[in-house]
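Let me begin by presenting the structure, written as structure tokens, before commenting on it.
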Amino acid sequence: MVGQHDENLLSDMLPVYYTRLFPQNIFCRWLSCGSSPQPLANRELSFTLADDVYLRYLTICNQKEFQTLLQKKCPYKLDIGAVYNTKPSIARHDSVVLARELVFDIDLTDYDEVRTCCQEAKVCEKCWKFMVIACEIIDKSLREDFGFQSILWVFSGRRGVHCWVSDYEARTLDGPGRGAVADYLCLIFGGDNQTKKVHLGSENMHSSIRRALEIIDKYFLELLQDQEFLSTENRLKAFLKLIPDETLRSQVEKKLEKMPESSVDRWKTFLNLYESFFRENGSAVRKMKYLVEEIKIQYCYPRLDVNVTKGFNHLLKSPFSIHPKTGKVCVVFKPGNAKTMKLEDVPTIYSLLDDSTPESAQHQANMRTAVKNFQEVVFSLEKAEALRRKNDHNISLDF
Ligand SMILES: [Zn+2]
């Protein structure tokens, strides 16, 4: 049954998975921490059942209730929502959201404009590199620019990643605050009709953009080779549209068209042309000061679904859910390990529950690592929460 996926088996396998393998205890501890100062019971969970029945505003008080709910409903999809001031329910319209992890959703389908190896739901080792870059850039920024520490990275089960920030300051961030973080991290703007989507201006570059570019530079040539951004006629055309100056554009066009199709060679030739044009035209090319950087960002920088980050009420798939279309586990991984992560090594519900599959042993080991990664984040979150409560208590005594 290598790589086989049969959705019909899920209804038999999921109850076993939830009982034996889903890290219920650590999951409830993670949610409890993230719910404080409100109780776990004020947190919304939502289930999608086998027949696509959608249950919102489910709540649990503890692990035992969670286990019972899982066994009773056997959800095909398990999503996590916000924490309310009261126990949320479908009938209550006056509930107010008090906390919610700051979340990021990055999906390879948003890269379809630039990735050439796969489209839509497909994903391979080559395009996974876009996710590697995204994890590294977002994780660094969250830690260094915002000072966040409780950051959980989760494979979304098919073609993307989710990031959950559980720090108190992140959880209690209001709408405009979330919008500001999303806007800060977003450098690519415009829909299908806009060709040039990155504009860095001509002032000094912000240090976070410089840092992002350093990360992109580690992978850029590799990606250029994998994706052949500049090889075919159409791709070359799209690339030329990114050059705002007509004279430079036509110089580049003439030269690249005559060259062999290798994107790496074409890119190097473009760089030479750009540099000599820049030297000769000096101040006249102010608007193209960061053209090379803008192009790299347009091809490689993370494409965030900003609405997910900005909203409080956006439900997001839980860590350790099973993706119903692939059978893969939404494993927790360390952002630094994204580059060595192989998609075929992600455990599936089938390989975990069927010892006779050849990849079973490896997948079981990978599942244990994923649970350990999850534990590490939750333990440090619990420590940080204990410290915060102690400090809050001391401050209140001082008054
Ligand atoms: Zn691919």
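Can you compute the equivalent ellipsoid semi-axes for the range 191-300, i.e. the square root of 5 times each eigenvalue of the Cα gyration tensor, sorted largest first and rounded to whole Å?
Each semi-axis is the square root of five times an eigenvalue, giving 20, 18, 14 Å.
Would you please state which residues of the range 123-153 a label at E344 would reach in this model, taking the label point 7 Å out along Cα→Cβ and a backbone N cut-off of under 17 Å?
123-129
How many percent of Cα pairs in the chain exceed 27 Å?
Here the tail beyond 27 Å accounts for 55 percent of pairs.
Trypsin sites (Lys or Arg not before Pro) within the range 96-143: which are DSSP loop residues with at most 15 other Cβ atoms inside 10 Å?
K122
Restricting to DSSP H runs of at least four residues, report the calculated mean residue ellipticity at 222 nm for the chain, -39500 (n - 2.57) per run over all residues, nearest 500 deg cm²/dmol. List each step's numbers first, then the result.
Working: 14 runs with 189 residues, N = 399.
Roughly -15000 deg cm²/dmol at 222 nm, from the helical runs in the chain.
Looking at the range 89-193, which chymotrypsin sites (Phe, Trp or Tyr not before Pro) are DSSP coil and have at most 12 other C-beta atoms within 10 Å of their C-beta?
Hits after loop and neighbour filter: F189.
Kindly express, to the nearest 10 degrees and within the range 0 to 90, the angle between helix 125-144's C-alpha long axis and the longest C-alpha principal axis of the chain.
The helix 125-144 is inclined about 70 degrees to the chain.
Report, to the nearest whole %, how much of the accessible area of the range 100-190 belongs to carbon and sulfur atoms, 1.4 Å probe, protein only.
On the way: 1440 of 3010 Å².
Reported share for carbon and sulfur atoms: 48 percent.
Helix 10-20 versus the longest principal axis of the chain: what angle, 0 to 90°, nearest 10, using Cα atoms?
70 degrees
Once you keep just the Cα pairs under 8 angstrom separated by 6 or more residues, what percentage relative contact order results for the range 8-81?
Answer for the range 8-81 is 36 percent.
Could you give the radius of gyration (one decimal) and Dmax (whole number) of the Cα atoms in the range 1-116, in Å?
16.6, 50
Roughly how many Å² is the accessible area per residue of the range 193-242, as a whole number, for a 1.4 Å probe? List each step's numbers first, then the result.
Numbers: 2670 Å² over 50 residues.
Result: 53 Å² per residue.
Gain in length, K237 to S262, computed as 0.36 nm per residue apart minus the alpha-carbon separation, to one decimal in nm?
7.5 nm
Using a probe of 1.4 angstrom, how much of the accessible area of the range 199-271 is carbon and sulfur, in percent? The partial results should precede the final answer.
Working: 1890 of 4010 Å².
Answer for the range 199-271 is 47 percent, counting heavy atoms of protein chains only.
For the range 352-399, which whole percent of the accessible surface, found with a 1.4 angstrom probe, sits on carbon and sulfur atoms?
Using a 1.4 Å probe with all protein chains present, the range 352-399 comes out at 56 percent carbon and sulfur.
May I ask you to list the trypsin sites (Lys or Arg not before Pro) in the range 269-321 that are in a DSSP loop and have at most 11 other Cβ atoms within 10 Å of their Cβ?
none
Cut-off 10 angstrom, C-alpha nodes, Gaussian network model of the chain. Which of L40, L187, L248 fluctuates the most?
The residue that fluctuates most here is L248.
Based on DSSP loop calls and a cut-off of at most 16 other Cβ atoms within 10 Å, the longest stretch of the chain free of exposed GluC sites (Glu not before Pro) is what?
262-399
For the residue pair S11 and H314, what label-to-label distance in nm results when each label sits 7 Å from Cα along the Cα-to-beta-carbon direction?
Placing both labels 7 Å beyond Cα along the Cβ direction yields 3.3 nm.
Considering the alpha-carbon set of the range 111-207 alone, what are its Rg and its Dmax in angstrom?
In Å, with Rg to one decimal and Dmax whole: 15.5, 41.
Using 0.36 nm per residue, how much length does the chain from C186 to Q24 gain when fully extended, once their Cα-Cα distance is taken away?
Full-extension gain reported as 54.9 nm.
Springs between alpha-carbon atoms under 10 Å, Gaussian network over the chain: tell me which of A180, A338, A386 tops the mean-square fluctuations.
A386
Can you give the FRET efficiency to the nearest 0.05 for K289 and L397, using r as the Cβ-Cβ distance and R₀ = 45 Å?
Taking R0 as 45 Å, the efficiency between K289 and L397 is 0.25.
Take the alpha carbon gyration tensor of the range 36-97, find the square roots of its eigenvalues, order them as a ≥ b ≥ c, and report rounded if a/c is under 1.5; if not, report prolate when a/b exceeds b/c, else oblate.
Oblate, since a/c reaches 1.5 and b/c is not below a/b.
Between N337 and R56, what is 0.36 nm times their sequence separation minus the Cα-Cα distance? Round to one decimal in nm.
Working: separation 281, 0.36 × 281 = 101.16 nm, distance 3.41 nm.
Extra length from N337 to R56 when fully extended: 97.8 nm.
Work out how far the C-alpha atoms of the range 154-256 reach from end to end along every principal axis, then list the three figures in whole Å, largest first.
The Cα atoms of the range 154-256 stretch 55, 36, 28 Å along the principal axes, largest first.
Please build a GNM for the chain, connecting alpha carbons under 10 Å apart, and tell me which residue among T172, T109, T68 fluctuates the most.
Taking springs between Cα atoms under 10 Å, the residue moving most is T68.
Please list the radius of gyration and Dmax for the range 291-395, considering alpha-carbon atoms only, with Å as the unit.
18.9, 58
At a Förster radius of 25 Å, what calculated FRET efficiency corresponds to the Cβ-Cβ distance of S36 and S208, to the nearest 0.05?
About 0.25, to the nearest 0.05.
Helix 175-185 against the longest principal axis of the chain: what's the angle in degrees, Cα atoms only, rounded to the nearest 10?
So the inclination is approximately 40 degrees.
Spelling out what I want: for every residue of the range 314-326, take phi, set θ = phi - 60°, compute 6.51 cos²θ - 1.76 cosθ + 1.60 (Karplus), and round to whole Hz; glycine and proline get x.
Rounded to whole hertz, the list is 6, 6, 10, 4, 6, x, 6, 5, 9, 6, x, 8, 10.
Can you compute 3J(HN,Hα) from phi for each residue in the range 99-104, using the Karplus curve 6.51 cos²θ - 1.76 cosθ + 1.60 with θ = phi - 60°, rounded to whole Hz and x for Gly and Pro?
Whole-Hz 3J(HN,Hα) from phi for the range 99-104: 8, 6, 3, 7, 10, 10.
Mind giving me the FRET efficiency for V96 and E382? R0 is 30 Å, r the Cβ-Cβ distance, nearest 0.05 is fine.
It comes out at approximately 0.70.
For D145, enumerate residues with amide H under 5 Å from its amide H, sequence gap 5+ or separate chain, H modeled in the peptide plane.
Long-range HN contacts for D145: none found.
The values are calculated or read from the model by the stated rules, or taken from the named source; none is laboratory data. Remember, it's a predicted structure, so these values are computed and weren't measured experimentally. Reconstructed Cβ throughout: ideal geometry from the backbone, glycine too, with neighbour counts over all protein chains shown. These accessible areas exclude ligands, DNA and RNA; they are computed on the full protein's heavy atoms, side chains included. Shrake-Rupley method; radii C 1.70, N 1.55, O 1.52, S 1.80 Å.
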